[in-house]
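Okay, structure first, notes after.
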Amino acid sequence: MENKKKLRKVRKNMIFAAVPMLAIEIAAIVYALCIHAWWPVFAYLGIAVIWAVPFSRYYFTSVAYICPECNHVFKPYFKEAFFANHTPTTRKLTCPNCGHKGFCVETYGGDIPAADRK
């Protein structure tokens, strides 16, 4: 239950951080349409990429995944988790314990060391 509360807090932090970026995106698009030029949108894209890198790191260091086969809790490599197919609460990963490749349930993992990889 405590993990659910912590995971909910991580998700709330993501939403609160995403709202200002959404406002900047909308402003850039509206401004670009008003001046009939697309450079504000491209400038926003540069800002968005710079913002997304540390934000993604924060998210993936705060969550872990539970294998549906062996119930092993693990943290995948950033690249594997970032590019994996996913739903809002699961991600298709390979379990380092049993090798099962499937949709693993997301849980809070801020206190789990990242060294739990094979």
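The values are calculated or read from the model by the stated rules, or taken from the named source; none is laboratory data. Just so it is clear, the model here is predicted, and its values are computed rather than measured. Backbone-built Cβ (ideal geometry, glycine too); neighbour counts: all protein chains shown. Each accessible area value is taken on the protein alone, full model and side chains, heavy atoms only, with ligands, DNA and RNA left out. Shrake-Rupley method; radii C 1.70, N 1.55, O 1.52, S 1.80 Å.
Here is a yes/no grid of residues against (1) open to solvent by less than 60 Å² (accessible area, probe 1.4 Å); (2) modelled with pLDDT of 90 or more; (3) in contact with a Phe, Trp or Tyr (Cβ under 7 Å, 6 or more places away or on another chain):
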| site | (1), (2), (3) |
| --- | --- |
| E2 | no, no, no |
| C70 | yes, yes, no |
| G102 | yes, yes, no |
| V105 | no, yes, yes |
| I112 | yes, no, no |
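Which of the residues belonging to the range 4-21 are aliphatic (A, V, I, L, M), open to solvent by less than 80 Å² (accessible area, probe 1.4 Å) and farther than 16 Å from R57 by Cα?
Residue satisfying the conditions is M21 alone.
Taking N13, is it part of a helix (DSSP H, G or I) and in contact (Cβ under 8 Å) with a residue 60 or more places away in the chain?
Judged against the criteria, N13 is not a match.
Give, as residue ranges, the strands (runs of 3 or more DSSP E) completely inside the range 35-118 that count at least 1 residues that are farther than 21 Å from V10 by Cβ.
Counting at least 1 such residues, we get 90-94, 101-108.
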